[in-house]
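Right, one structure below, let's go through it.
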Amino acid sequence: MLPIVGDMADDMAEESAEGRVPGFVIGDIEVFPVVEWAGPYVPLDTLVPDLPPQAWRQDEDQLVPDHLQGGRAVVALQTWVLRGGGRTVLVDTGVGNGRERPGNQLFHQRQGDFLERLERAGVRPEDVDLVVNTHIHGDHVGWNTHEVGGGWVPTFPDARYLIPGADDRHFGPEGGYAGGARPDDRLMYEDSIAPVHRSGQAVLWDGTHRIDDHLLLEAAPGHTPGSSVLRLRSRGERAVFVGDLLHSPVQIPHPECGSRFCLDPRQAELSRERVLERAADERELVIPAHFGGSGAVRVAKKDGAFVFRNA
Ligand SMILES: [Zn+2]
């Protein structure tokens with residue numbers, strides 16, 4: 001999740017340029033992002049508070065300008081599209097339009113042209129077979145739904161929506177809408193998740209969930225109780241969509257450093273180390289939810305530490 005912090009909101013109200021990102025081909029599967037908003041966000045040490053001062057300098061050549069500009073972390077709100085084998089899959093669905101989000105000025109009553117951008121990328125709502133929410137936060141479930149006649153209905157009429165069960169319990173009525181700490185959580189659940197349940201399109205899963213020969217969902221909790229990663233394999237090539245396990249590449253050499261938005265930082269750290277370890281071993285392309293630039297990095301292990309380069 002990416003709540004707005006302090007007085008940064010004014011700088012961010014401006015709409016970002018479209019900037020088509022070319023994407024990747026993993027075996028038989030085409031993978032590319034459709035960006036809802038992207039730009040310099042909060043200061044890096046606000047986003048990743050425990051980062052040792054100046055730690056970013058060791059990777060400055062990889063970080064500036066794709067991930068870091070003027071001391072601020074560059075982030076993207078985006079959906080990853082996977083197309084191939086007769087199927088179209090969306091991973092995470094951004095913020096959405098017209099949302100009541102009093103706790104977040106960037107998300108509140110946002111109006112953008114995301115669906116037009118998706119169509120320009122060749123994806124019509126009725127083409128989408130599957131929506132994967134890596135977790136339930138307001139910047140990952142927004143376009144699950146859109147407003148029709150004053151109510152919220154699923155944007156993708158023929159899709160199944162895979163939603164982590166642990167997050168559904170935590171952020172839904174069963175968990176008192178995340179304990180009732182933030183009004184935004186209840187509003188988000190009611191406008192972006194509940195309509196998908198009502199239409200019968202929601203599929204809750206826990207642990208691991210095999211989608212098909214290419215795609216496997218796995219729990220990677222910590223950022224939220226139900227946070228997950230989606231592993232893609234095709235013709236021996238591999239990628240892993242890691243959601244908010246990483247918010248900036250600076251966390252790769254410092255996997256102990258969580259973002260300020262992790263609900264259980266220690267558990268998030270363990271999940272991050274495990275997923276990075278395997279990505280390095282198995283040469284998975286690592287695709288987090290919010291990275292700028294191409295949106296993806298390659299990870300390796302050198303002298304006992306993780307290193308990365310932009311993909
Ligand atoms: Zn997020």
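When the residues of the stretch 244-257 are filtered to those that are open to solvent by less than 10 Å² (accessible area, probe 1.4 Å), within 14 Å of the ligand (Cβ to nearest atom) and not hydroxyl-bearing (Ser, Thr, Tyr), the one that is farthest from the chain's Cα centre (by Cα) is Gln251. Summed over the stretch 81-98, the residues that are buried (at least 24 other Cβ atoms within 10 Å of the Cβ) and either farther than 20 Å from Gly226 by Cβ or not aliphatic (A, V, I, L, M) (or both) give a count of 5.
Arg101 meets the conditions (1) loosely packed, with under 13 Cβ neighbours inside 10 Å; (2) touching a helix residue (DSSP H, G or I) at 6+ places or on another chain (Cβ under 8 Å) in every case but one. The failed one is (1). Applying the criterion of being open to solvent by less than 10 Å² (accessible area, probe 1.4 Å) and out of contact with any Asp or Glu (no Cβ under 7 Å at 6 or more places or on another chain) to the residues of the stretch 145-163, the residue that is nearest to Ile211 (Cα to Cα) is Leu162. Of the residues screened, Val74 is one that is in contact (Cβ under 8 Å) with a residue 40 or more places away in the chain, within 16 Å of the ligand (Cβ to nearest atom), closer than 22 Å to Ala268 by Cβ and touching a strand residue (DSSP E or B) at 6+ places or on another chain (Cβ under 7 Å). Residue pairs whose Cβ atoms lie under 6 Å apart, separated by 6 or more positions or on different chains, with the first residue in the stretch 258-273 and under 15 Å from Asp50 (Cα atoms) and in contact (Cβ under 8 Å) with a residue 60 or more places away in the chain and the second away from the ligand (no atom under 16 Å from the Cβ) and part of a loop (DSSP other than H, G, I, E, B), are Arg260/Pro49.
The rows are residues; the columns are (1) under 21 Å from Leu44 (Cα atoms); (2) hydrophobic (A, V, I, L, M, F, W, C).
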position: Phe241; (1), (2): no, yes
position: Phe261; (1), (2): yes, yes
position: Asp264; (1), (2): yes, no
position: Ala268; (1), (2): yes, yes
position: Ala289; (1), (2): yes, yes
position: Ser294; (1), (2): yes, no
position: Ala300; (1), (2): no, yes
position: Phe308; (1), (2): yes, yes
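Here's a check for you: in the stretch 164-210, which residue that is acidic (Asp, Glu) and crowded, with 17+ Cβ neighbours inside 10 Å is nearest to Gly226 (Cα to Cα)? The selected residue is Asp167.
Of all the helices (runs of 4 or more DSSP H) wholly in the stretch 1-75, which have at least 3 residues that are open to solvent by 50 Å² or more (accessible area, probe 1.4 Å), at pLDDT below 95 and of a type in the set (D, E, K, R)?
none
So that you can scan it fast, the table gives a plain yes or no per residue for (1) away from the ligand (no atom under 14 Å from the Cβ); (2) in contact with a Cys (Cβ under 6 Å, 6 or more places away or on another chain); (3) more than 28 Å from Gly27 (Cβ to Cβ):
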| position | (1), (2), (3) |
| --- | --- |
| Asp213 | yes, no, no |
| Pro221 | yes, no, yes |
| Val242 | no, no, no |
| Ser259 | no, no, yes |
| Glu269 | yes, no, yes |
| Arg274 | yes, no, no |
| Val286 | yes, no, no |
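Annotation: of all residues in the stretch 259-293 being of a type outside the set (A, V, I, L, M, F, W, C) and touching a Gly at 6+ places or on another chain (Cβ under 8 Å), the one that is surrounded by the fewest Cβ atoms within 10 Å (Cβ to Cβ) is Arg266.
When Ala300 is tested against (1) among the aliphatic types (A, V, I, L, M); (2) within 19 Å of the chain's Cα centre (by Cα); (3) open to solvent by 10 Å² or more (accessible area, probe 1.4 Å), only condition (2) is not met. Close Cβ contacts (under 9 Å, 6 or more residues apart or on different chains) running from residues in the stretch 158-187 that are more than 21 Å from Leu90 (Cβ to Cβ) to residues that are basic (Lys, Arg) and open to solvent by 30 Å² or more (accessible area, probe 1.4 Å) comprise Pro173/Arg186; Gly175/Arg169; Gly176/Arg186; Tyr177/Arg186; Ala178/Arg186; Gly180/Arg186. The listed residues are Gly200, Gly138, and the only one of them that is farther than 28 Å from Asp264 by Cα and in a loop (DSSP other than H, G, I, E, B) turns out to be Gly200. The set of residues in the stretch 124-135 that are under 21 Å from Gly98 (Cβ atoms), more than 14 Å from the ligand (Cβ to nearest atom) and either open to solvent by 50 Å² or more (accessible area, probe 1.4 Å) or part of a loop (DSSP other than H, G, I, E, B) (or both) comprises Arg124, Val128.
The values are calculated or read from the model by the stated rules, or taken from the named source; none is laboratory data. Just so it is clear, the model here is predicted, and its values are computed rather than measured. Methodologically, a virtual Cβ is constructed for each residue, glycine included, from the backbone with ideal geometry; neighbour enumeration extends over all protein chains shown. Note: accessible area is taken over every heavy atom of the protein model, side chains too, but ligands, DNA and RNA are not part of it. Shrake-Rupley method; radii C 1.70, N 1.55, O 1.52, S 1.80 Å.
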